[in-house]
Amino acid sequence: GAVVSQHPSRVICKSGTSVKIECRSLDFQATTMFWYRQFPKQSLMLMATSNEGSKATYEQGVEKDKFLINHASLTLSTLTVTSAHPEDSSFYICSATPSGGARETQYFGPGTRLLVL
Amino acid sequence: QKEVEQDPGPLSVPEGAIVSLNCTYSNSAFQYFMWYRQYSRKGPELLMYTYSSGNKEDGRFTAQVDKSSKYISLFIRDSQPSDSATYLCAMSELAEYGNKLVFGAGTILRVKS
């Protein structure tokens, strides 16, 4: 149980284009999902907290207009990197907290590797 | 000073050794403590989680939390080459919906056969 998927697993795009990453909880409902970014040999940095049916909460220094988050259902959250630039190249990982379950735990997706040329 | 400090390693041990991984933290409000394992180019996998102080054992893994010292540990007994990965500690305060996790830098573990 507690499986989280992400799509795509890897994406290469040109500078200036937008990229959408999907995060799905496959066998549980998730009121809250989180988006992280991880640079090589570094730990996970929280970008934003996504709550179903409401606006996402962004961490300090994360541009909300650049990283658009939509949490339209209890099993799906999307992150759109708008007008991507090479410095946005990174490993993006989502996590989900089961609704009504152990809210202190998070289950992570396999990550999406973004390369902006 | 970072909220969570973790030695990045790498830590190299022979197969069968007991491994000790540790994190220290500064925020006394942290209540939940977790250990994740991350293989290269994969998402983190939850290994253990504990609430407040104490020990928790699951198979070859034992997690310890000492809130008075702001120190947590993960012990791996009879380590295997398949345990080679990056181990991340994470912790959070009490919150109603989906606690925000603060991660350590991760310790790279290499178990040699």
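The values are calculated or read from the model by the stated rules, or taken from the named source; none is laboratory data. Because the structure is a prediction, the values reported are computed rather than measured. Using ideal geometry, Cβ is built from the backbone for each residue, glycine included, and neighbour counts are taken over all protein chains shown.
Here are the numbers for this structure:
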quantity: Close pairs from region A:41-53: first without any contact (Cβ under 8 Å) to a residue 12 or more places away in the chain and within 9 Å of chain B (Cβ to nearest Cβ), partner surrounded by 14 or more Cβ atoms within 10 Å (Cβ to Cβ) and assigned to a loop (DSSP other than H, G, I, E, B), Cβ under 6 Å, at least 6 apart; calculated: A:SER43/B:ALA105; A:SER43/B:GLY106
quantity: Residue within region A:81-93 that is closer than 14 Å to A:ALA30 by Cβ and either away from every other protein chain (no Cβ under 14 Å) or modelled with pLDDT of 95 or more (or both) present; calculated: no
quantity: Members of region A:56-80 found to be outside any strand (DSSP E or B) and either surrounded by 19 or more Cβ atoms within 10 Å (Cβ to Cβ) or more than 14 Å from every other protein chain (Cβ to nearest Cβ) (or both), listed by number; calculated: A:ALA56, A:GLY61, A:GLU63, A:LYS64, A:ASP65, A:LYS66, A:THR75
quantity: A:LEU115 vs. criteria hydrophobic (A, V, I, L, M, F, W, C), touching a Phe, Trp or Tyr at 6+ places or on another chain (Cβ under 7 Å), more than 9 Å from every other protein chain (Cβ to nearest Cβ) and assigned to a strand (DSSP E or B); calculated: no
quantity: Residue check, A:GLU87 more than 22 Å from A:LEU115 (Cα to Cα) and charged (D, E, K, R); calculated: no
quantity: Qualifying positions in region A:17-40 - more than 10 Å from chain B (Cβ to nearest Cβ) and among the small types (Gly, Ala, Ser); calculated: A:SER18, A:SER25
quantity: Conditions (1) closer than 23 Å to B:LEU101 by Cα; (2) surrounded by fewer than 22 Cβ atoms within 10 Å (Cβ to Cβ); (3) of a type in the set (A, V, I, L, M, F, W, C); (4) modelled with pLDDT of 95 or more; number of the one not met by A:LEU46; calculated: (4)
quantity: Strands (runs of 3 or more DSSP E) wholly inside chain B containing at least 1 residues that are touching a residue at least 24 places away in the same chain (Cβ under 8 Å) and within 20 Å of A:MET45 (Cα to Cα); calculated: B:19-25, B:32-38, B:45-51, B:85-92, B:107-112
